[in-house]
1. What percent does the relative contact order of the range 40-207 come to when contacts are Cα pairs within less than 8 Å and at least six residues apart?
2. Quote the relative contact order of the range 37-117 in percent (integer), defining contacts as alpha-carbon pairs under 8 Å separated by 6+ residues.
3. How would you rank 99-106, 181-188, highest first, on the average number of other Cβ atoms within 10 Å across their residues?
4. Tabulate in residue order the Karplus-calculated ³J(HN,Hα) for the range 52-68, using 6.51 cos²θ - 1.76 cosθ + 1.60 with θ = phi - 60°, rounded to whole Hz; enter x for Gly and Pro.
5. Work out, step by step, the length gained on full extension between residue 85 and residue 21: first 0.36 nm times the residue separation, then minus their alpha carbon distance; give nm to one decimal.
6. At R0 = 41 Å, how high is the FRET efficiency between residue 137 and residue 8 if r is their beta carbon distance? Nearest 0.05 is fine.
7. Check cross-link reach from residue 159 to the lysines: straight Cα distance under 26 Å, and skip same-chain residues fewer than eight apart.
Amino acid sequence: MQLDECARDKFIWRWTASGEYSTSSAYRVQYFGSVKSELKPLIWKPWAPQKCKFFAWLVIKNRVWTSDRLATRGWPRNEVCPLCRRDPEMAHHLLAGCRYTKHVWTLIAAWIAWPQLSPAQWPATESAEDWWRLMATLNGVPKKGIQSLLLLVNWEVWKERNARTFARKEIPPLVLFQKIKEEARSWGLAGLSILQPYWTLCDPFLGVQSFFFHLFPYLKPLRALGRSF
């Protein structure tokens, strides 16, 4: 390299072909060497509250405090799954192997008429992550719908597990299924539209509720008019 003492010094930005600085290139530089996460379309992108997404991340990374992980720390624990009271508690068992959870999924599959969600159709999996990925990519099931539904159902199952473990309160699968339906309706009102058709098609009572909810504003003037006579 030969230096020209008469030439003026200038800055060259190595991250663009022209050598000129740009904010977009500076932004891209920040991510050089980063690893692209495969979990974005699985848990971070679907519509759901952040607490459900964070819980899903913990499950997939095997960081939830189930009995098998408590045992590695020597902490007090109940060896048996609090939902089925039969098998050892692990994240994979809690979400995919427990008979209580399978009963809930059977009810859900019948409710929204997606037979692929029935546990009878599930192939064997080795981990909670394998099972989650399998469920999120089922053929014939809308991806946006099942990805949000997975976040909802697994979160409600975990809450039921905690209620039994810490509060000594429990509900049967059918009641938990009703809670999931009500929570799905709340999610829909908050922005999740993919499951809205299933409330009215598969639950006539909710369909009647929705009908009168939308009709009510038009009935109020008629009621006022009737009182004026």
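1. Taking the mean separation of contacting Cα pairs over the length of the range 40-207, I get 23 percent.
2. Reported relative contact order: 16 percent.
3. The densest-packed peptide leads the list: 99-106, 181-188.
4. Coupling constants for the range 52-68: 6, 5, 5, 4, 4, 4, 4, 5, 5, 8, 6, 10, 7, 8, 7, 4, 5 Hz.
5. Answer, rounded to one decimal: 16.7 nm.
6. Between residue 137 and residue 8 the formula returns 0.10.
7. Output for residue 159: 40, 45, 51, 53, 61, 102, 143, 144, 169, 179, 181.
Read-outs throughout are calculated quantities, based only on the coordinates presented, and are distinct from any laboratory measurement. All of these numbers come straight from a predicted model, not from anything done at the bench. Every residue, glycine among them, receives a Cβ derived from its backbone with ideal geometry; neighbour counts consider all protein chains shown.
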